[in-house]
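A.B. asks: Below: one structure in structure tokens.
The values are calculated or read from the model by the stated rules, or taken from the named source; none is laboratory data. All values reported here derive from a predicted model rather than from experimental measurement. Cβ atoms come from the backbone with ideal geometry, glycine included; neighbour counts cover every protein chain shown. Just the protein is used for accessible areas: all its heavy atoms, side chains included, with ligands, DNA and RNA removed. Shrake-Rupley method; radii C 1.70, N 1.55, O 1.52, S 1.80 Å.
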Amino acid sequence: MCGIVGAIAQRPVSAILLEGLRRLEYRGYDSAGMAVLEAPGKLNRVRTLGKVARLKEELAATPLPGTLGVAHTRWATHGEPAVRNAHPHVCRNRCVLVHNGIIENHEPLRQAQQAAGHAFTSETDTEVVVHAVYDELAAGYALADAVRRATTRLVGAYALGVIDIQDPDRLVAARQGSPLVIGVGFGEHFIASDVFALLPVTHRFIFLEEGDIA
Ligand code: GLU
């Protein structure tokens, strides 16, 4: 297990994301990370090995300003616990995402993506997802369509929070086999692995069904 939190709001989100991660700690994890969009094309990311408290210290030194972001606690399945393997993962300053679950067909996807010119920066199964979404964005698809098209090629389990680094007005969520809820606010929305993560910001929830993209 492990956890995802995401937010799109009209106020800074990093403290909301951090508190969400803290509330997901009970699920277990080995590393944590957060990425927040400061402006179109300007994404800032902090990742740490170990506890969310350590991520909090890093964020004190390196604040992540912005109103759209995703955060993650990782329970390593592919690739050792290490900063380079911690989420969020980024492709070519265009796409960033967090993932809970396991992509079973990551090997053939990785080989095809490497052959097509993608450079891998981690040993995770997750990284094939961010490159797959990037390819669809680069082909001209809007983010939700890009995620839909990319996920049709995935075998396995995933909950995803995805951002197009060029588009500050959209946060896309997808789930198949791993839990994910939407927290509905006023002029702001959230995603998380469970409702407990979001109780400080909303009590209204939409529970994603298997195969949903939002
Ligand atoms: N399989 C992914 C990884 O090893 C995600 C693990 C998780 O669900 O935290 O990075």
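A.B. asks: Net charge around R175, counting only other residues with Cβ within less than 15 Å of its Cβ (Lys, Arg = +1; Asp, Glu = -1)?
C.D. replies: With Lys, Arg at +1 and Asp, Glu at -1, the neighbours total -3.
A.B. asks: Probe 1.4 Å, all protein chains in place: accessible area of I16 in Å², nearest 10?
C.D. replies: 30
A.B. asks: Looking at A173, A9, G140, which one has the Cα that reaches farthest to the positive end of the dipole of the chain (charges on Cβ: Lys, Arg +1; Asp, Glu -1)?
C.D. replies: Going by the Cα projections, it comes out as A9.
A.B. asks: Moving on to the next point. 5 Å is the cut-off here: which amide hydrogens, built 1.01 Å from N in the peptide plane, fall below it relative to Q176, excluding neighbours closer than 5 in sequence?
C.D. replies: Distant-sequence amide H within range of Q176: Y158, A159, G211.
A.B. asks: Further question: Can you give the accessible area of D169, probe radius 1.4 Å, in Å² rounded to 10?
C.D. replies: 120
A.B. asks: Quick one, can you get me the convex hull of the C-alpha atoms of the stretch 47-110 expressed as volume per residue in Å³?
C.D. replies: On the way: hull volume 7.0 nm³, N = 64.
Hull volume normalised by residue count: 109 Å³.
A.B. asks: Using a cut-off of 13 Å between beta-carbons, work out the net charge of the residues near A157 (Lys and Arg +1, Asp and Glu -1, A157 not included).
C.D. replies: Net of charged neighbours comes to -2.
A.B. asks: Counting pairs of alpha carbon atoms under 8 Å apart in space and at least six apart in sequence, what relative contact order in percent does the stretch 1-120 give?
C.D. replies: The value is 30 percent.
A.B. asks: Looking only at N100, N44, N85, which one moves most when the chain is put into a Gaussian network model with springs between Cα atoms under 10 Å?
C.D. replies: In the Gaussian network model the winner is N44.
A.B. asks: Report the residue, chosen from H87, H131, H203, that carries the largest GNM mean-square fluctuation when the chain is represented by alpha-carbon nodes joined by springs under 10 Å.
C.D. replies: H203
A.B. asks: Still on this model: Can you give me the relative contact order of the stretch 55-159 as a percent, contacts being Cα pairs under 8 Å and 6 or more apart?
C.D. replies: Numbers: 114 pairs, mean separation 30.1, N = 105.
The normalised contact order for the stretch 55-159 reaches 29 percent.
A.B. asks: Also, I was wondering about something else. From the Cα gyration tensor of the stretch 99-147, with a ≥ b ≥ c the square roots of its eigenvalues, which class applies: rounded if a/c is under 1.5, or else prolate if a/b is larger than b/c, or else oblate?
C.D. replies: oblate
A.B. asks: Grab the Cα-Cα distance for A39 and E80, subtract it from 0.36 nm times how many residues apart they are, and report the gain in nm with one decimal.
C.D. replies: Working: separation 41, 0.36 × 41 = 14.76 nm, distance 3.20 nm.
Once the chain is fully extended between A39 and E80, it gains 11.6 nm.
A.B. asks: Sticking with this structure for a sec: Rounded if a/c is under 1.5, else prolate if a/b beats b/c, else oblate: with a ≥ b ≥ c from the C-alpha gyration tensor eigenvalues square-rooted, which is the stretch 1-149?
C.D. replies: Numbers: a/c = 1.92, a/b = 1.28, b/c = 1.50.
Verdict is oblate for the stretch 1-149.
A.B. asks: What figure in square angstrom, to the nearest 10, would you give for the accessible area of H189 with a 1.4 Å probe?
C.D. replies: The accessible area of H189 comes to roughly 80 Å².
A.B. asks: Further, regarding this structure: Less than 14 Å Cβ to Cβ from A139, Lys/Arg counted +1 and Asp/Glu -1: what total charge do the surrounding residues give?
C.D. replies: Within the 14 Å Cβ shell, the charges total +1.
A.B. asks: Run the helix sum for the chain: -39,500 (n - 2.57) per DSSP H stretch of 4+ residues, divided by residue count, reported at 222 nm to the nearest 500 deg cm²/dmol. Walk me through the intermediate numbers first.
C.D. replies: Numbers: 5 runs with 51 residues, N = 214.
The per-residue figure over the chain is -7000 deg cm²/dmol.
A.B. asks: Same structure, new question: Expressed as a whole number of Å, what is the distance separating the alpha-carbon centroids of the stretch 112-132 and the stretch 30-77?
C.D. replies: With the stretch 30-77 and the stretch 112-132 each reduced to a Cα centre, they are spaced 21 Å.
A.B. asks: Now a separate question. Over the chain, calculate the relative contact order: mean separation of alpha carbon pairs under 8 Å at least 6 apart, over the residue count, as a percent.
C.D. replies: The normalised contact order for the chain reaches 23 percent.
A.B. asks: Which of the three applies to the stretch 141-214, rounded, prolate or oblate, going by the alpha-carbon gyration tensor with a ≥ b ≥ c and a/c under 1.5 meaning rounded?
C.D. replies: oblate
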